[in-house]
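Engineer: Provided herewith is a single structure, encoded as structure tokens, for subsequent inquiry.
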Amino acid sequence: MKNRGHGSAKRSFCRALVCLAFIMIIASISALARPASASNQQLSFGQESSSLDLTAGSKTYACEDVHTFSGDQCAFVKHYCAADSGLINHLAAYYCVQPILRIAVIVLMSLFLVFIFIVLGSTADKWFCPCLEAISDLLRLPPEVAGVTFLSFGNCAPDIFSILASIGSASSIAFGEIMGSGCFVGLAVLGVVTIATKPKLQAGPFLRDAGIYAVCMTLFGAILIYGTVHWWMGFAMIALYFIYILIVIFGTVLRWIKARGRPDAPKRHKELMQGANDLPLDVGEDLVVRYQHGMLEPLLLEDMEAFDQQVLDQYEEAQKLPPHHKLNRRGNLASRWWHYCKASVAFPRQGLFGKIVYVIELPLTVVRHATILPGDLEMYHPVFVGLAPVAIPAFIAWSQGWWGVGLHLWSVLIPFPLPVVLLCVPLAVAAFLVSARVKPGEIALGIMAFGGFAMAVLWLQTIANELVALLKAFGTILMIPDSVLGLTVLAWGNSVGDLVSDLSVARNGSPEMAFGAIFGAPVMNLLIGIGISFISQTVLTGENLHIVIDLHGYIAMVFLLFTLWSHLIVISIHKFRSPRYWGVVSLLVYVLFMLCQLGAQVIQTYF
């Protein structure tokens, strides 16, 4: 027993060393690669190249002028494109190498883009959502309220933070992503689901969600055409989403009251339970997984009425989880995520691609465990609690660009301010010793839940900023407008998961849930993502936000509005069935949409 405890302590110590060493390495690289200030940038820039005279002439350069600049392009992007770079200056990595190597840089940037999408999604699914669920449990929120607030927010987190990062960087990528993902989900995903299942929908939820989405997108289109965003517009969009939440909750409660008041309620309940028991296991499994990862939209909670604890029990038994992993409909669905956490130190039983991603993502996984502490007792681990006092300040300093400020050479030798190290190391040791012996109470769990939520937000913000910076670098190199990148790359990256999950749910006998996700998720992305962005850009700056939409944006807006209103009319005419021919038409319309975008790009380039 003693040897076992000694071995556990040694393993914990090794993990701590690995985590701290990784933090020091990435911080040292960042401190070396990132300029300390704008003034230093200009000075070093002038010393690096004599081919660029900052004072010669009166022309003001922009980052996009790098293609027409005849001097040192490497020095140019280091000076004029520094504001658009994230934690990594991608343009410098491209223009500061030999031309023969630039194709290899493009390939590496493309792989890095895929990796960022993976990290963004995994951070939201495995860290952000459990924090929200823990907060929901601590606040004892009813499932209906938690579903339309915390769980929906967790599901839409990658899109929302991408929107915030884009608008914060004065880019039109966000507007392209909103309309591009809307067209992809509303045309391509809906078309595939319709062809595969030919769903029959409930009139009330469909009219409510599709109607609200169509109305909100029409209002958003009017704002884009108007071209000026006032402070009250952002608050109005947030208010619209809260009205939407109240409508969903009211409808759910009303149906629950009506069901309880029926004389045959016990009989209906028995029939529902028998139907749930007769369901294939993969249906229940898919629903459980979607619920666990916050993938159920507000209206989908109504569709869960036919599923009871027995479906979850079947899933549990099939997966052979231990008793303390018991799932329940109340919302304590983080157990399986903790099962992943405990297995994260072992090599996963996945395919080759999954293993490669796992190995590459492993250092970030360790750091995320050390910086994001969900307030759940089953997720509690002394090693990560002990690392948190050092890892959290280190990550904050690195992500915000504070690393090495005023330390010069010391920022490389000691990649963290010495006074903070001296303060945090004793705290880390004390936290580890205390957490190894004492289980946290409800207050401590609450502090960890809200602190983990804040750190998860910072992680998502940092990853989204890097995603937008990388997309803008691609746009500069390939001379592609930001709006096109939002309509295509960002929209596809954030929506391809919807295609897979919605099609899986629809094929497993729940097409209404798939249609709910098609119309439910974009509502939150639009109202919350754009609403918060409008507020941050108007209230905090004290100035109105001016929007300029190019031809790509107008084409996307016309197609999306046509799509939404057409769905409402056609599906209503067919008595709330989506016929297969309409799925084919939707796919053809999406192909036409992409052809129009290609034609618009040709017109803007050559005419």
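Engineer: For the stretch 204-259, what is the Kirkwood hydrodynamic radius in Å, using each pair of distinct C-alpha atoms?
Structural biologist: For the stretch 204-259, the Kirkwood estimate is 12.9 Å.
Engineer: Right, here's the next one. Points 7 angstrom from Cα along the Cβ direction at Leu219 and Ile100: gap in nanometres?
Structural biologist: Roughly 5.9 nm, to one decimal.
Engineer: Could you give the nm distance between label points at Ala239 and Val548, where each point is 7 Å from its Cα heading toward the beta carbon?
Structural biologist: Once both label points are built, they end up 3.2 nm from each other.
Engineer: Alpha carbon centre of the stretch 456-514 versus the stretch 76-122: separation in Å?
Structural biologist: Result: 18 Å between the Cα centres.
Engineer: In addition: Most exposed first by the Cβ proxy, i.e. fewest other Cβ within 10 Å, how do Ser162, Ser586, Ser501 rank?
Structural biologist: Going from sparsest to densest Cβ surroundings: Ser501, Ser586, Ser162.
Engineer: How far, in nm, would the chain grow between Ala454 and Ala259 when pulled straight, counting 0.36 nm per residue and subtracting the alpha carbon separation? Show your work: numbers first, answer last.
Structural biologist: Details: separation 195, 0.36 × 195 = 70.20 nm, distance 3.99 nm.
Length gained between Ala454 and Ala259: 66.2 nm.
Engineer: Cα gyration tensor of the stretch 179-224, axes a ≥ b ≥ c as square roots of the eigenvalues: rounded (a/c below 1.5), prolate (a/b > b/c) or oblate?
Structural biologist: Details: a/c = 5.24, a/b = 1.44, b/c = 3.64.
Cα axes put the stretch 179-224 in the oblate bin.
Engineer: Right, something else. Kindly identify the stretch 502-607 as rounded, prolate or oblate by the Cα gyration tensor criterion: order the square roots of the eigenvalues as a ≥ b ≥ c, call it rounded if a/c is under 1.5, otherwise compare a/b with b/c, prolate if a/b is larger, else oblate.
Structural biologist: Taking the square roots of the gyration eigenvalues as a ≥ b ≥ c, the stretch 502-607 is oblate.
Engineer: In terms of modelled amide H atoms, which long-range or inter-chain residues lie less than 5 Å from the amide H of Val229?
Structural biologist: Residues meeting the amide H criterion: Leu545, His546, Ile547.
Engineer: Hey, another quick one. Per residue of the stretch 202-210, in order, report the coupling 6.51 cos²θ - 1.76 cosθ + 1.60 (Karplus, θ = phi - 60°) as ³J(HN,Hα) in whole Hz, putting x for Gly and Pro.
Structural biologist: Going residue by residue, I get 7, 5, x, x, 5, 4, 5, 6, 5 Hz, with x marking Gly and Pro.
Engineer: Let me ask something else. Can you tell me the relative contact order of the stretch 466-607? Whole percent, Cα pairs under 8 Å, sequence separation 6 or more.
Structural biologist: Once divided by the residue count of the stretch 466-607, the mean separation gives 17 percent.
Engineer: So, one more: Hey, rough spin-label estimate for Ile443 and Leu478, points 7 angstrom out along Cα→Cβ, what's it come to in nanometres?
Structural biologist: For the pair Ile443/Leu478, the computed spacing is 5.5 nm.
Engineer: Please give the length that would be gained between Phe112 and Phe250 if that part of the chain were fully extended, namely 0.36 nm times their separation in residues minus their C-alpha to C-alpha distance (nm, one decimal).
Structural biologist: 45.2 nm
Engineer: Using the beta-carbon distance between Leu540 and Leu588 and R0 = 45 Å, what value does 1/(1 + (r/R0)^6) give for FRET efficiency, to the nearest 0.05? Spell out each step's value before the answer.
Structural biologist: Working: r = 44 Å, r/R0 = 0.98.
Calculated value: 0.55.
Engineer: At 0.36 nm per residue, and after removing the present C-alpha to C-alpha distance, how many nm does the segment from Tyr61 to Val570 gain when stretched out fully?
Structural biologist: Details: separation 509, 0.36 × 509 = 183.24 nm, distance 5.10 nm.
Fully extending the segment from Tyr61 to Val570 adds 178.1 nm.
A short reminder: the numbers here are calculations on the coordinates, not readings from a lab. Keep in mind that what you see is a predicted model, and the values were worked out from it rather than measured. Methodologically, a virtual Cβ is constructed for each residue, glycine included, from the backbone with ideal geometry; neighbour enumeration extends over all protein chains shown.
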